[in-house]
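The values are calculated or read from the model by the stated rules, or taken from the named source; none is laboratory data. What you are looking at is a predicted structure, and each value in this text was computed from that prediction instead of being measured. Here Cβ is always computed from backbone atoms with ideal geometry, including for glycine, and neighbour counts include all displayed protein chains.
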Amino acid sequence: MIDDSIIKEHGLTQEEYKRITALIKREPNLTELGIFSLMWSEHCSYKSSKIHLKNYPTSGKNVIQGPGENAGIIDIGNGLAVVFKIESHNHPSFIEPYQGAATGVGGILRDIFTMGARPIATLNSLRFGPLSVPKNKTVMEGVVSGIAGYGNSIGVPTVGGETYFDECYSLNPLVNVFCLGIAKKDKIFYSRAEGIGNPVLYVGSKTGRDGIHGATMASAEFGEDLEQKRPNVQVGDPFKEKLLLEACLEVMEKNLALGIQDMGAAGLTCSTTEMAANSGTGIEIDINLIPQREQGMTPYEIMLSESQERMLIVAQKEKVKQAQSVFAKWDLDAVIIGHVTDTQNLKVKSGDKTVVDLPLRAIINQCPVYNREAKPPAPPAPIIDLNDISFPENYEQAFLQIIKSPGLADKQWIFRQYDHMVQTNTTVLPGADASVLRIKNTNKALAVTLDGNSLYTYVNPRSGGIIAVSEACRNLACVGAKPVGVTNCLNFGNPEKSEIMWQFKEAVHGIAQACKAFQIPVTGGNVSFYNETEGIPIYPTAVLGVVGVIDALDKIMTPEFKAPGDTILLLGENKEELGASEYMNHIHSKKGGPPPEIDLRKEKRVQSLCLKAISKNMIKSAHDLSEGGLAQCLAECCLLGKKRIGCRINLEDKIRTDALLFGETQSRILISLEEDQEDAFKSLAGKRKVPYSIIGKTGGENILIKHLGEKIINIPVQKVYSLWKYSLPGFFKIE
Amino acid sequence: MRFGIVVFPGSNCDYDTLHVLKYVFKQEAFFLWHKDHDLKNADCVILPGGFSYGDYLRSGAIARFSPLMQEVKEFSLSGGIVLGICNGFQVLLELGLLPGAMLRNKNLKFLCQNVHLRIETTDTPFTNKGKPGQVLNIPIAHFDGNYYIDGPGLDKIKKNNQILLRYSSAEGHLTKEDNVNGSLDCIAGLVNENRNVLGMMPHPERASETLLGSRDGHIIFDSIIYYIKNDR
């Protein structure tokens with residue numbers, strides 16, 4: 001009997017339960033209730049977010065697949081397509097950092113190769129609480145090892161990403177994993193169950209009791225009982241996934257599959273129902289045929305298990321033997337567990353007994369859609385009045401303090417745990433504005449970046465959304481790439497609270513607005529709500545993943561200064577903006593708005609100038625200004641790369657020195673070029689109406705910055721390097 | 001020249017090695033499936049990097065039982081050129097074709113980074129194109145690359161001049177800092193007594209194209225090609 005407490009345990013409301021009984025015209029049994037609870041969970045159904053996500057631009061002439069499939073697909077020419085997506089694995093990573101993060105990688109990889117693409121890179125966006133708290137270090141160490149453990153073993157390079165630290169992530173760290181794959185345009189596979197009577201193949205790991213209710217868990221806040229949630233986290237087996245990857249790609253290459261979907265969140269339930277629903281067919285499986293890891297599993301457990309490294313394939317009858325032999329070559333189980341029907345139903349049998357019989361429409365299409373109340377928070381996020389902010393007594397100290405803050409310090413401690421070179425495509429290593437991967441046997445390269453400043457989004461969700469897209473595109477422009485597609489991971493608190501819903505709605509509108517301005521389609525992504533523990537939400541964190549194309553391998557740009565004596569130019573304008581900055585956070589311990597202004601027309605002009613200058617071989621380095629402002633950007637240009645060249649800078653703007661050094665005004669790029677290119681560049685910038693200033697020269701052993709003739713920073717590059725380089729490892733030292 | 005690249009379940013540098021040999025060095029290169037018993041007339045057999053069988057046990061400990069290893073062993077005993085890169089090196093140790101063993105890196109973390117390697121001897125099929133003391137820039141990517149061998153073993157490989165590559169500074173000095181994984185005597189690569197089998201932790205296939213930052217891997221592959229063409 002289904003009673004109120006069982007309904008509640010399954011994360012369903014009374015209204016939702018009533019809707020279910022009305023739809024199926026009877027009471028569901030427990031297994032059926034479990035199926036609804038998964039498919040109607042926020043994680044699988046997008047019931048609170050759908051209504052807003054509609055605002056995204058999703059089409060374009062190069063879009064092969066927009067949102068709604070396992071991943072988005074964009075045509076990049078040469079008969080090739082890029083397949084990419086970002087997913088969150090926040091909740092599991094907090095409960096069990098290593099396995100939570102590892103299976104996050106495993107899941108997103110499957111989303112990519114299930115479409116016929118070979119994964120060529122992953123990136124990740126990580127958010128932790130401050131490293132001064134031991135528990136946060138444990139979580140971070142576990143997450144990084146987990147990502148490394150899975151990615152390194154399977155042989156997909158982890159080529160970059162971002163790491164932020166803030167108190168709001170102490171009880172709710174974020175692990176967002178992005179994966180990019182390449183497929184032949186004419187060899188793309190979809191989640192389909194076609195051809196009545198065709199066999200349904202179960203491939204990969206056996207089903208166990210792990211991860212039962214993972215999707216439901218990810219759709220609720222954590223309370224004090226979170227330690228008890230550990231059994232909900234799955235355990236990853238990258239070796240098995242490697243076999244699955246190679247075998248599936250071989251099966252697809254040989255055209256032995258009609259449709260394929262991985263068993264990710266909601267496992268067998270999600271893959272069977274979605275494949276059949278996508279084709280307007282039905283599906284029937286026998287639970288007793290499912291390979292099982294342990295004895296005595298109930299249909300409920302089998303249907304809800306989230307055991308990893310499993311795929312569901314529909315094949316033509318006459319080809320199924322051939323497909324099975326490919327899997328046998330790779331030592332994988334490939335068992336026929338059922339067939340495609342014309343019933344538009346999901347039927348699960350246990351031998352002769354029917355244990356589930358549900359209309360697919362009810363499961364997939366008739367989940368309620370909510371237009372939840374959205375109201376700005378009261379009081380609103382704080383605003384900082386610059387008149388109340390005193391100047392630092394010592395700019396050098398402030399500069400060094402910012403440089404060595406974990407969010408802005410060197411991330412090699414993380415990156416070197418990842419195999420970022422396997423597959424031999426990584427041309428720009430992690431740490432630059434964007435990671436660059438050449439495409440073998442072509443003259444093209446792909447650039448990828450993840451971006452999202454959650455403090456901006458907290459103080460102004462709409463600006464935060466716009467800036468996240470703009471900065472990601474600016475990162476691409478700095479390496480010489482034009483953006484072609486966007487995916488996004490939206491991490492927010494409890495959507496049932498009106499202020500959270502408001503943040504969400506505003507951020508989505510901001511992202512939509514910016515994507516429209518840049519004319520780049522959003523091809524999918526993931527929404528992660530309920531990032532709250534004990535009622536405290538994270539900052540709204542919208543992570544944008546943008547993929548770009550570089551048309552010639554000799555037009556790849558990098559951020560570091562290349563030689564002494566080059567001219568340093570700053571594109572864009574310097575404004576007196578310090579709201580939501582790292583400077584305010586670290587030097588004045590203040591977190592408040594307003595965020596930097598953003599004008600998308602100006603932004604586009606700056607980016608297109610940068611791209612043009614790169615394509616004309618005018619410039620030798622380009623680096624975007626973001627967190628930490630001009631000072632941080634200059635330092636990175638000196639520190640990245642092997643030569644570590646200093647700089648001499650004269651700033652003439654008549655604004656506050658701290659704003660000039662550390663303000664995070666948008667739409668700025670720092671470039672360096674040879675003196676004899678100056679005139680050509682100036683005329684190009686003039687034509688394109690981009691303001692710029694020549695601010696100094698590269699060279700010397702020091703980072704020297706003057707403002708209105710006064711020397712404010714003069715520190716040896718080597719000293720800055722040591723602080724920047726050894727900050728993060730210092731937290732994790734093995735004595 | 002024919003290069004056979006062994007594919008174990010879990011190999012993940014197989015395609016990289018194939019790419020470099022085929023498209024950069026313009027050689028005949030092909031995969032050898034671990035379950036087969038056929039080296040397809042290869043002049044050189046390469047055991048590539050990766051995580052054979054997931055390396056859940058000691059790295060390389062299961063791969064040594066793959067059927068094809070019987071042929072690889074015979075091939076090496078008859079003087080055939082065998083190169084084990086990273087996981088391939090670990091497999092060669094497990095197979096007993098090279099002496100010693102691998103421990104976890106000294107910092108207990110996976111390490112992926114560019115390192116400097118000093119060529120210790122050029123009297124091998126793998127380094128004849130280099131100069132003694134020459135420093136190469138080639139990346140590593142491993143968890144278990146901390147080479148270990150007992151005292152008498154070390155004496156022996158030293159006496160026989162079997163140490164081919166050592167982790168060093170850019171100037172060729174041996175320092176604790178540059179010996180990133182903690183290998184005994186900074187050993188990064190060594191040959192067997194007959195000098196026809198090389199195991200090395202660094203990845204020469206990742207350092208063979210300018211676009212990827214270093215071409216120093218050419219020394220290794222060019223040497224093998226030269227040796228097979230001329231000396232044999």
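To keep it simple, each residue is scored yes or no on (1) under 32 Å from the mean Cα position of the chain (by Cα); (2) within 14 Å of chain B (Cβ to nearest Cβ); (3) farther than 19 Å from A:Arg110 by Cα; (4) assigned to a loop (DSSP other than H, G, I, E, B).
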position: A:Ser271; (1), (2), (3), (4): yes, no, no, no
position: A:Met275; (1), (2), (3), (4): yes, no, no, no
position: A:Ile285; (1), (2), (3), (4): no, no, yes, no
position: A:Met297; (1), (2), (3), (4): no, no, yes, yes
position: A:Gln308; (1), (2), (3), (4): yes, yes, no, yes
position: A:Leu312; (1), (2), (3), (4): yes, no, no, no
position: A:Glu318; (1), (2), (3), (4): no, no, yes, no
position: A:Lys321; (1), (2), (3), (4): no, no, yes, no
position: A:Asp331; (1), (2), (3), (4): no, yes, no, yes
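Can you pull out the helices (runs of 4 or more DSSP H) entirely within segment A:356-467 that have at least 1 residues that are under 30 Å from B:Pro48 (Cβ atoms), within 14 Å of chain B (Cβ to nearest Cβ) and touching a helix residue (DSSP H, G or I) at 6+ places or on another chain (Cβ under 7 Å)? Qualifying helices (runs of 4 or more DSSP H): A:412-415.
Only one of the numbered conditions (1) over 30 Å from B:Pro152 (Cα atoms); (2) among the basic types (Lys, Arg); (3) away from chain A (no Cβ under 12 Å) is violated by B:Arg206, and that is (3). In summary, strands (runs of 3 or more DSSP E) completely within segment A:621-735 and bearing 2 or more residues that are surrounded by fewer than 23 Cβ atoms within 10 Å (Cβ to Cβ) occur at A:647-651, A:692-698, A:702-707, A:710-716.
Based on this model, can you work out whether B:Leu39 counts as more than 14 Å from every other protein chain (Cβ to nearest Cβ), farther than 27 Å from B:Pro152 by Cα and either among the polar types (S, T, N, Q) or touching a strand residue (DSSP E or B) at 6+ places or on another chain (Cβ under 6 Å) (or both)?
Yes: the conditions hold for B:Leu39.
Filtering A:Glu701, A:Glu710 for residues that are of a type in the set (Asp, Glu) and in contact with a strand residue (DSSP E or B) (Cβ under 7 Å, 6 or more places away or on another chain) leaves a single hit, A:Glu701.
Rundown of residues vs (1) within 14 Å of chain A (Cβ to nearest Cβ); (2) in contact (Cβ under 8 Å) with a residue 12 or more places away in the chain; (3) farther than 14 Å from B:Phe25 by Cα; (4) among the aromatic types (Phe, Trp, Tyr), yes/no style:
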residue: B:Gly172; (1), (2), (3), (4): no, yes, yes, no
residue: B:Lys176; (1), (2), (3), (4): no, no, yes, no
residue: B:Val197; (1), (2), (3), (4): no, yes, yes, no
residue: B:Ser223; (1), (2), (3), (4): no, yes, no, no
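Does at least one position in segment A:145-154 carry a residue that is within 14 Å of another protein chain (Cβ to nearest Cβ), part of a strand (DSSP E or B) and of a type in the set (Gly, Ala, Ser)? No; the residues of segment A:145-154 include none that is within 14 Å of another protein chain (Cβ to nearest Cβ), part of a strand (DSSP E or B) and of a type in the set (Gly, Ala, Ser). Filter segment B:182-232 down to the residues that are out of contact with any Leu (no Cβ under 7 Å at 6 or more places or on another chain) and polar (S, T, N, Q), then identify the one that is farthest from A:Leu553 (Cα to Cα). Among those that are out of contact with any Leu (no Cβ under 7 Å at 6 or more places or on another chain) and polar (S, T, N, Q), it is B:Asn194. Filtering segment A:1-40 to residues that are small (Gly, Ala, Ser), surrounded by fewer than 18 Cβ atoms within 10 Å (Cβ to Cβ) and at pLDDT below 95 leaves only A:Ser5. Would you check if B:Ile119 is crowded, with 18+ Cβ neighbours inside 10 Å, of a type in the set (Val, Ile, Thr) and within 10 Å of chain A (Cβ to nearest Cβ)? Considered against the rule, which asks whether it is crowded, with 18+ Cβ neighbours inside 10 Å, of a type in the set (Val, Ile, Thr) and within 10 Å of chain A (Cβ to nearest Cβ), B:Ile119 comes out as no.
Would you say B:Leu136 is in contact with a Ser or Thr (Cβ under 9 Å, 6 or more places away or on another chain), more than 14 Å from chain A (Cβ to nearest Cβ) and either closer than 21 Å to B:Ile224 by Cβ or assigned to a helix (DSSP H, G or I) (or both)? It is true that B:Leu136 is in contact with a Ser or Thr (Cβ under 9 Å, 6 or more places away or on another chain), more than 14 Å from chain A (Cβ to nearest Cβ) and either closer than 21 Å to B:Ile224 by Cβ or assigned to a helix (DSSP H, G or I) (or both). In a residue-by-residue description of segment A:198-221, the property of being in contact with a His (Cβ under 8 Å, 6 or more places away or on another chain), assigned to a loop (DSSP other than H, G, I, E, B), modelled with pLDDT of 95 or more and not small (Gly, Ala, Ser) applies to at least one position.
Filtering segment B:181-195 to residues that are in contact with a strand residue (DSSP E or B) (Cβ under 6 Å, 6 or more places away or on another chain) and away from chain A (no Cβ under 13 Å) leaves B:Ser183, B:Leu184, B:Cys186, B:Ile187, B:Ala188, B:Gly189, B:Leu190, B:Val191. Can you confirm whether segment B:8-19 contains a residue that is of a type in the set (Val, Ile, Thr), in contact with a Pro (Cβ under 6 Å, 6 or more places away or on another chain) and either more than 14 Å from every other protein chain (Cβ to nearest Cβ) or closer than 25 Å to A:Asp331 by Cβ (or both)? Checked segment B:8-19: at least one residue is of a type in the set (Val, Ile, Thr), in contact with a Pro (Cβ under 6 Å, 6 or more places away or on another chain) and either more than 14 Å from every other protein chain (Cβ to nearest Cβ) or closer than 25 Å to A:Asp331 by Cβ (or both). Here is a check on your reading of the model: is B:Arg166 under 30 Å from B:Glu74 (Cα atoms), within 18 Å of the chain's Cα centre (by Cα) and basic (Lys, Arg)? So B:Arg166 fits the description; yes.
Being within 12 Å of chain A (Cβ to nearest Cβ), modelled with pLDDT under 95 and either more than 17 Å from the chain's Cα centre (by Cα) or in a strand (DSSP E or B) (or both) is the requirement here; does B:Asn114 meet it? The answer is no for B:Asn114. Cβ separations smaller than 6 Å between residues 6+ apart or across chains give the following pairs from segment A:571-587 residues that are modelled with pLDDT of 95 or more to residues that are outside any helix (DSSP H, G or I) and of a type in the set (D, E, K, R): A:Gly572/A:Arg668; A:Asn574/A:Asp653; A:Glu576/A:Arg656; A:Ser581/A:Glu664; A:Glu582/A:Glu627; A:Met584/A:Lys590; A:Asn585/A:Lys591. Among the residues making up segment A:169-186, those that are surrounded by fewer than 24 Cβ atoms within 10 Å (Cβ to Cβ), outside any strand (DSSP E or B) and not acidic (Asp, Glu) are A:Ser170, A:Leu171, A:Lys185. Residue pairs whose Cβ atoms lie under 7 Å apart, sitting 6 or more positions apart in sequence or on different chains, and linking a residue in segment A:330-352 that is modelled with pLDDT of 95 or more to a partner that is of a type in the set (Lys, Arg), are A:Gln344/A:Arg361.
Residue count for segment A:635-649 satisfying the condition of being farther than 17 Å from B:Gln113 by Cα and without any contact (Cβ under 8 Å) to a residue 60 or more places away in the chain: 1. Every condition in (1) surrounded by 23 or more Cβ atoms within 10 Å (Cβ to Cβ); (2) closer than 19 Å to B:Gly100 by Cβ; (3) within 14 Å of chain A (Cβ to nearest Cβ) is met by B:Phe126 except one, and the failing one is (3). Considering (1) modelled with pLDDT of 95 or more; (2) in a helix (DSSP H, G or I), the lone condition that A:Lys47 does not fulfil carries the number (2).
Checking the stated criteria, B:Phe31 turns out to be at pLDDT 95 or above, touching an Asp or Glu at 6+ places or on another chain (Cβ under 7 Å) and surrounded by fewer than 20 Cβ atoms within 10 Å (Cβ to Cβ). Residues that are of a type in the set (Gly, Ala, Ser) and more than 33 Å from the chain's Cα centre (by Cα): does segment A:618-631 have at least one? No - not one qualifying residue is present in segment A:618-631. The selection criterion, being at pLDDT 95 or above and within 14 Å of another protein chain (Cβ to nearest Cβ), holds for B:Gly217.
The set of residues in segment A:155-205 that are aliphatic (A, V, I, L, M) and within 14 Å of another protein chain (Cβ to nearest Cβ) comprises A:Val156, A:Val159, A:Ile182.
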